[in-house]
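Just below is one structure, and these are the notes that go with it.
The values are calculated or read from the model by the stated rules, or taken from the named source; none is laboratory data. Treat the numbers as computed from the prediction; the structure is a model and nothing was measured. FYI the Cβ positions are ideal-geometry reconstructions off the backbone, even for glycines, and counts take in every protein chain you see.
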Amino acid sequence: MSIKPDTWIKRLARESMMIEPFEDKQVREGVISFGVSSYGYDIRIADEFKIFTNLNSTMVDPKHFDPNSLVDFRGEMCIIPPNSFALGRSLEYFRIPPNVMTLCVGKSTYARCGIITNVTPLEPAWEGFVTLEISNTTPLPAKIYANEGIAQVLFFESDEACEMSYSDKRGKYQAQTGVTLPKV
């Protein structure tokens with residue numbers, strides 16, 4: 001007997017406190033949807049952003065990242081300049097079980113506007129707020145709505161825990177709490 005994917009996600013979220021806060025149904029009325037979906041969970045973006053700027057004429061270098069290339073912004077909506085991007089974080093805090101791996105993809109509502117959301121996989125035994133990169137690929141300013149859906153997390157469960165989890169290898173982004181910049 002198989003279990004429905006959305007029921008499995010609800011069970012997993014309750015048993016392991018995998019997602020907090022957790023919305024056990026899809027919320028859609030008047031917002032970009034969030035909550036449980038057919039095979040995943042639509043996460044929201046918090047009202048905390050770091051918007052890239054070229055005011056300081058610096059170079060983006062992941063090994064020597066200059067935080068002065070970002071402007072902090074907090075608000076109900078964020079305007080991303082044309083052909084630029086911002087960093088944000090999920091409203092939800094995740095605790096991924098050791099036998100689960102996730103992939104995250106952007107929501108189609110934003111993708112249809114030329115706004116791309118990029119997130120790396122959430123590895124087994126990783127926890128924290130998800131740092132999101134939101135690219136505005138258009139020649140126009142783009143509006144992002146805080147506290148509404150931004151991306152969908154898809155869950156993949158194994159019959160057993162992985163041999164070396166993110167927690168075991170003491171990953172550098174473990175238990176991140178805010179918009180987290182690159183670390184080497």
Looking at (1) more than 19 Å from the chain's Cα centre (by Cα); (2) surrounded by 13 or more Cβ atoms within 10 Å (Cβ to Cβ); (3) within 15 Å of ILE96 (Cα to Cα), find the lone condition where THR138 falls short. (3)
Can you find a residue in region 3-26 that is within 25 Å of TYR110 (Cα to Cα), at pLDDT 85 or above, assigned to a loop (DSSP other than H, G, I, E, B) and among the β-branched types (Val, Ile, Thr)? no
Entirely in region 79-184, the strands (runs of 3 or more DSSP E) that have 3 or more residues that are at pLDDT 95 or above and of a type in the set (S, T, N, Q): 127-136
Note: among TYR110, TYR166, just one is buried (at least 19 other Cβ atoms within 10 Å of the Cβ), touching an Asp or Glu at 6+ places or on another chain (Cβ under 7 Å) and aromatic (Phe, Trp, Tyr), namely TYR166
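Hey, can you tell me all the residues within region 154-166 that are touching a residue at least 24 places away in the same chain (Cβ under 8 Å) and either farther than 20 Å from ARG89 by Cβ or of a type in the set (A, V, I, L, M) (or both)?
Selection gives LEU154, PHE156, GLU157, SER158, ASP159, GLU160, ALA161, CYS162, SER165.
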Could you tell me which numbered condition GLY114 fails, if it satisfies all but one of (1) of a type outside the set (Lys, Arg); (2) at positive phi; (3) touching a Lys or Arg at 6+ places or on another chain (Cβ under 7 Å)? (3)
Quick test of your reading of the structure: LYS63 fulfils all but one of (1) at pLDDT 95 or above; (2) surrounded by fewer than 19 Cβ atoms within 10 Å (Cβ to Cβ); (3) more than 17 Å from ASN136 (Cβ to Cβ). Name the failing condition by number. (1)
For region 27-54, give me each residue that is acidic (Asp, Glu) and part of a strand (DSSP E or B). ASP42, ASP47, GLU48
